[in-house]
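The values are calculated or read from the model by the stated rules, or taken from the named source; none is laboratory data. Note that the structure is predicted; figures quoted are calculated from it, not measured. Ideal geometry is used to build each Cβ from the backbone, glycine not excepted, and the neighbour counts take in all protein chains shown. The accessibility values were calculated without ligands, DNA or RNA, using every heavy atom of the protein model including side chains. Shrake-Rupley method; radii C 1.70, N 1.55, O 1.52, S 1.80 Å.
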Amino acid sequence: MISFLAGVRVLDMGQFLPGPYCAQILSDMGADVVKLEPPGGDPMREFGPLGIDGLSLFYKGINAGKKVISLDLKSPNGKTAFTALIKRADVLIESFRPGALERLGFAYDHIKTLNPRLIHCALSGFGQSGPYRERAGHDINYMALAGGLAASGTTDKPVFAAPPVADFASGSQAASAVLAALFGRERGSTGCYLDMSIAESVLAWQGMTLTACNTENQQPERARNLLNGGAACYQIYRTRDRRFISLGAIEPKFWASFCQTLARPDWITRQADHLPQTALIDEVAAAIAQQDLSYWQERLDPVDCCFHTVVEIAEIAEHPQIKARGMLASDPEAPGVVQALYPAWLDGSPPEQRRPVKTASCEEVLAAWHSDEA
């Protein structure tokens, strides 16, 4: 079991995906994560397929490894309990709109007086400043603003990805920032306030795309560049039985191996054709469409050419590589939930299955934290 963060106490006030995913990463690293929910609960409780207990399977999955307590920050008792938790916590993750926590009586300056060593991560849609700071949004909106959609898709329209890219990216980057802050604190720093934006988590990946805007021949238009559908060597093709294959033969040696396997050596030099390579793409697509997926697996799996089947979601768990790595687990206490574990082996061992999400009382959490301090 990974225990790098053993003894670190995390308060997770996030909802839906970004904040809870950030907190789950910290839990996977060994932190003690307590999820604070308002009396109505996290809306994620009702999102997606429901278990036999009426609770969302998605909710159970993203909050596995945590203890959940209900806390009404609008009540005097809730404020008192939250104050006690803040004083003993190491990390606070919240995803309120800017100003919301302040209106509840817990502005950052006040929180800092309660616990100067606290790492406060405020993960909002657009950040704590700027004209969009209070604007509502979801993954598709953040992707739209920060370049995640503009260059992705077909020539006709942008296409969004699943699962939600901005939500998971922001959770990952927030966790990285929290980990760095914890490391800095151990080296003598105090607590800090992390202003994290879900939209900016996508913007942070746009360096190459924005740079391409300054060139004449590599404008980041959909399906016109090397990495977004404009090249024959880096492409998705449909087979005769309406399955798909991926080809990532960017290096000339891989492209040459692919072309030779298909008995089309005349394609090799055309890798340098001007983008978008519409004619070459159509020729390769026509060749791939002549045979079923099984044929191409038999022909291309042994060839060193960056080929892989587009694995259907229902097939992932049984794929030999996935099974060999032990990265998925079923939850016996939450039938139907599949845990996609943290992607890190430790000292030759795969990650362990997360504990199911559990409910607790604030008193139980404070008592446990107090006993740890004794």
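Mind listing just one residue for me: the one in the range 29-55 that is over 13 Å from V357 (Cα atoms) and in contact (Cβ under 8 Å) with a residue 60 or more places away in the chain and, of those, most open to solvent (accessible area, probe 1.4 Å)?
Ranking the candidates gives I52 first.
Condition first: buried (at least 24 other Cβ atoms within 10 Å of the Cβ) and either under 15 Å from the mean Cα position of the chain (by Cα) or assigned to a helix (DSSP H, G or I) (or both). Now tell me which residues in the range 1-16 satisfy that.
Hit for the range 1-16 is G14, nothing else.
Only residues that are assigned to a helix (DSSP H, G or I) and in contact with a strand residue (DSSP E or B) (Cβ under 8 Å, 6 or more places away or on another chain): list them for the range 79-96, please.
Across the range 79-96, the qualifying residues are F82, L85, I86, R88.
Go through the range 258-359 and tell me which helices (runs of 4 or more DSSP H), entirely inside it, have 2 or more residues that are more than 20 Å from the chain's Cα centre (by Cα), without any contact (Cβ under 8 Å) to a residue 40 or more places away in the chain and closer than 30 Å to S176 by Cβ.
Hits in the range 258-359: 320-325.
Taking the condition of being of a type in the set (V, I, T), loosely packed, with under 14 Cβ neighbours inside 10 Å and either touching a helix residue (DSSP H, G or I) at 6+ places or on another chain (Cβ under 9 Å) or within 24 Å of D301 (Cβ to Cβ) (or both), how many residues in the range 221-275 meet it?
Here the count works out to 1.
In the range 133-215, which helices (runs of 4 or more DSSP H) lie fully inside it and hold 3 or more residues that are in contact (Cβ under 8 Å) with a residue 40 or more places away in the chain and either under 23 Å from I111 (Cβ atoms) or open to solvent by 60 Å² or more (accessible area, probe 1.4 Å) (or both)?
165-186, 198-203
Mind checking which residues of the range 113-125 are of a type outside the set (G, A, S) and open to solvent by less than 20 Å² (accessible area, probe 1.4 Å)?
N115, L118, I119, H120, C121, L123, listed by residue number.
Is there a residue being of a type in the set (V, I, T), assigned to a strand (DSSP E or B) and touching a helix residue (DSSP H, G or I) at 6+ places or on another chain (Cβ under 9 Å) anywhere in the range 97-115?
No, the range 97-115 contains no residue that is of a type in the set (V, I, T), assigned to a strand (DSSP E or B) and touching a helix residue (DSSP H, G or I) at 6+ places or on another chain (Cβ under 9 Å).
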